[in-house]
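Before we start, here is the structure in question, set down as structure tokens.
Only the coordinates and a few stated rules stand behind these numbers; no lab work does. Remember, predicted model here, so these are calculated numbers, not experimental data. Cβ placement follows ideal geometry from the backbone for every residue including glycine, while neighbour counts extend to all protein chains displayed.
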Amino acid sequence: MNAEAHLLPLGDFKPADEWQTHVNEIFYGIQGPDIHDHFQTYVSQDHRLAHALAEDYFKQALKQANSNETHFIMEWGVGNGNLAGCFLSHLKSLDIKGQVYPSTRYILCDFSIEILKGASNNERLKKHAGKFFMVQVDANRMNCFQKQAINKIISNEIWDDLSTKVLLKRDGSFYEEYIQPLIDPVAARMNIEDFIKPFNEKNLNLLKGYPNLLKFIIWERTYQRVTIDEWPQANILEAHMSLLVDEIPIPVNIGALATFKRARHLLKQNGLGYTGMDYGMYSMQELNFSERPYFNLYGGQYTFMVNFELLNQWAHAEGFASVEKEHQHSYVGRHLQDSVISVVELVQTHSGAPNMPPWDRDILMLKTLNILNKAYKNNYPSEMKYNVMEGTPSSKQKQIKELAAKLSTNGVPDTVAYVTKKEVMEVSTDLAELGYDEKIYTPLFKGSTDPISFVIMNLC
């Protein structure tokens, strides 16, 4: 912390999950449909994960095909609607005989009415008018839906946003993380008295006048000794913690556990289960890695890594007979019958990337995309918007705009998109001329070795 900064508290120390949910309600409330200008997910523009999900659903639904019965799919946390749009489009293309798609209805659920409005305007989704419905509701509260009425539930990157406690073990005792928001009003160019009251009251009407102020919050951390006897699934949690080394912060994703309970309530007895996708620690090995992160801040949004090993145990305890987890790369690659990496992963292997100024990394990304587009053919023609970041020198701005203008509408849809090994190797000579080393990026197709990875879980 900068000793010269005049940091003022916006509130008291509270358990991490309390401030996390507080800030995220503000963040999503302010950003609304513009949320995807701040970060992308693997389904924001890309179609390959959505297609893999649709193929699995189609194979399973065919076994239960009944023209007289409506099959309901429910998505929690709808993003920009692209997952639903690409899912339904691919399902329709697979269903040549009309055994599944005609009877399928897709329910998009989100707590933000603004995000739902944005998703409803997604052009890929609008092609399926009459097949989908929008419902404003919290994923933790689904009492408006009939019990055991849903065939399939999908969520993408919501568990990291939902209530998460942080726990560490020290000499046989447990300690919970408490955090406090601080801000330097000078750096934020604000009068704190104008901000602190609406911030604590989550007054979105007033807070929209400070769209970037969450970025200026600095979080102070401390740990307080606790007993966990009253925590959800305390016995499982205590056994889980016994396998972890001391002094490593462990995310306890209680909001994710709540979605398991709701899914069990909503899913039909013979339903096709709950599929959730997110990022975090895959196994105990990653959990016990002392250097790994356990939270992220995106433009002021506060998210936690997902503890997939704990979620696995919780899901069984909640009554799911089958719980399977798989690295997302592996899942998508299996459906494409080829190994995959993301474009971002490829760019990060470039020897010059780590030391480049941000505008030069943008240029490298755009040159890489233009090369990949020689091999990549997109099912959904679209124009990639590549904004010039603030502070970019004018000469670099011109180059970025020229490179962005050359991007094919039938090419890679996003910087966060999957490309196959076949596609990359087809343009390997061009990539080498740009400075890429095949010996460095080809091992990535065997799978990531990072302690944080994207994971898909299927609960049936």
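Normalising by the residue count of segment 339-446, find the relative contact order in percent from Cα pairs under 8 Å and 6+ residues apart.
44
Starting from the alpha-carbon convex hull of segment 79-237, give the projected area averaged over all orientations, in nm².
14.6
Using helices alone, I'd like the mean residue ellipticity at 222 nm for the chain: each DSSP H run of four-plus residues gives -39500 (n - 2.57), total over residue count, nearest 500.
Value at 222 nm, helices only: -10000 deg cm²/dmol.
Along the positive direction of the dipole of segment 339-446 (beta-carbon charges: Lys, Arg +1; Asp, Glu -1; about the Cα centre), which of Asn410, Met425, Ala353 reaches farthest?
Asn410
Also: Could you pull out the trypsin sites (Lys or Arg not before Pro) across segment 68-160 that fall in loop regions by DSSP (anything but H, G, I, E, B) with no more than 15 other Cβ atoms inside 10 Å?
For trypsin sites (Lys or Arg not before Pro) across segment 68-160 that sit outside H, G, I, E and B with at most 15 neighbouring Cβ atoms in 10 Å, the list reads Lys97, Lys127, Arg141, Lys147.
On full extension of the chain, what length is gained from Asn66 through Lys197, given 0.36 nm per residue of separation minus the C-alpha to C-alpha distance?
Once the chain is fully extended between Asn66 and Lys197, it gains 41.6 nm.
In µm²/s, what is D for segment 339-446 at 4 °C and 1.567 mPa s, where D = kT/(6 pi eta Rh) by Stokes-Einstein and Rh is the Kirkwood radius from Cα pairs?
So the translational diffusion coefficient is about 92 µm²/s.
Using DSSP to call loops (not H, G, I, E or B), can you name the trypsin sites (Lys or Arg not before Pro) in segment 177-251 whose Cβ has at most 16 other Cβ atoms within 10 angstrom?
Answer by residue number: Arg189, Lys202, Lys208.
Can you tell me the equivalent ellipsoid semi-axes for segment 198-246? Use √(5λ) from the Cα gyration tensor, largest first, whole Å.
37, 15, 10
Still on this structure, please answer the following. Give, rounded to the nearest 20 debye, the magnitude of the charge dipole that the chain has about its Cα centre when Lys and Arg contribute +1 at Cβ and Asp and Glu contribute -1 at Cβ.
With only Lys, Arg, Asp and Glu charged at Cβ, the dipole is about 1740 debye.
On to the next question. Setting aside same-chain residues fewer than 8 positions from Lys197, which aspartates and glutamates have a Cα under 15 Å from its Cα?
Asp12
In debye, nearest 20, what is the charge dipole magnitude of segment 339-446 about its Cα centre with +1 on Lys and Arg Cβ and -1 on Asp and Glu Cβ, if you could check?
Roughly 120 debye for segment 339-446.
Moving to a separate point now. May I ask which of Lys422/Lys446; Lys127/Lys377; Lys117/Lys374; Lys169/Lys261; Lys215/Lys406; Lys59/Lys385 have a Cα-Cα span longer than 25 Å here?
Pairs exceeding the cut-off: Lys117/Lys374; Lys169/Lys261; Lys215/Lys406; Lys59/Lys385.
Send over the semi-axes of the chain's equivalent ellipsoid, whole angstrom and largest first, taken as the square roots of 5 times the C-alpha gyration tensor eigenvalues.
Values for the chain, descending: 33, 31, 24 Å.
Using +1 at the Cβ of each Lys and Arg and -1 at the Cβ of each Asp and Glu in the chain, identify which of Val78, Tyr282, Tyr101 lies farthest towards the dipole's positive end.
Tyr101
Which one of Tyr386, Ile228, Ile30 is farthest out on the positive end of the charge dipole of the chain, using unit charges on Cβ (Lys, Arg +1; Asp, Glu -1) and the Cα centre as origin?
Final value for the positive-end residue is Tyr386.
Let me ask something else. For segment 9-113, just list the percent of Cα-Cα distances falling in each 5 Å bin from zero outward, please.
P(r) over segment 9-113, rounded to whole percents: 2, 11, 18, 18, 13, 11, 9, 7, 5, 2, 2, 1, 0.
Here's something else I'd like to know. Sequence-distant or interchain residues sharing an amide H contact under 5 Å with Phe295, placed H: which?
Met305
Show me the GluC sites (Glu not before Pro) within segment 35-100 that DSSP assigns to loop and that have at most 16 other Cβ atoms within 10 Å of their Cβ.
For GluC sites (Glu not before Pro) across segment 35-100 that sit outside H, G, I, E and B with at most 16 neighbouring Cβ atoms in 10 Å, the list reads Glu69.
Moving to a separate point now. Can you give the net charge of the other residues whose Cβ lies under 12 Å from the Cβ of Ser453, counting K and R as +1 and D and E as -1?
Here the charged neighbours net out to -3.
List the residues whose amide H sits under 5 Å from the amide H of Val252, counting only those 5 or more places along or on another chain, with H placed 1.01 Å from N in the peptide plane.
Lys165, Val166, Leu167
Would you mind calculating the relative contact order of the chain from Cα pairs under 8 angstrom and at least 6 residues apart, reporting the percent as a whole number?
This gives 18 percent for the chain.
If you don't mind, there's one more thing I want to ask. By how many nm would the segment from Lys97 to Glu55 grow when fully extended, if each residue of separation counts as 0.36 nm and the alpha-carbon distance is taken off?
Contour length minus the Cα-Cα distance gives 13.6 nm.
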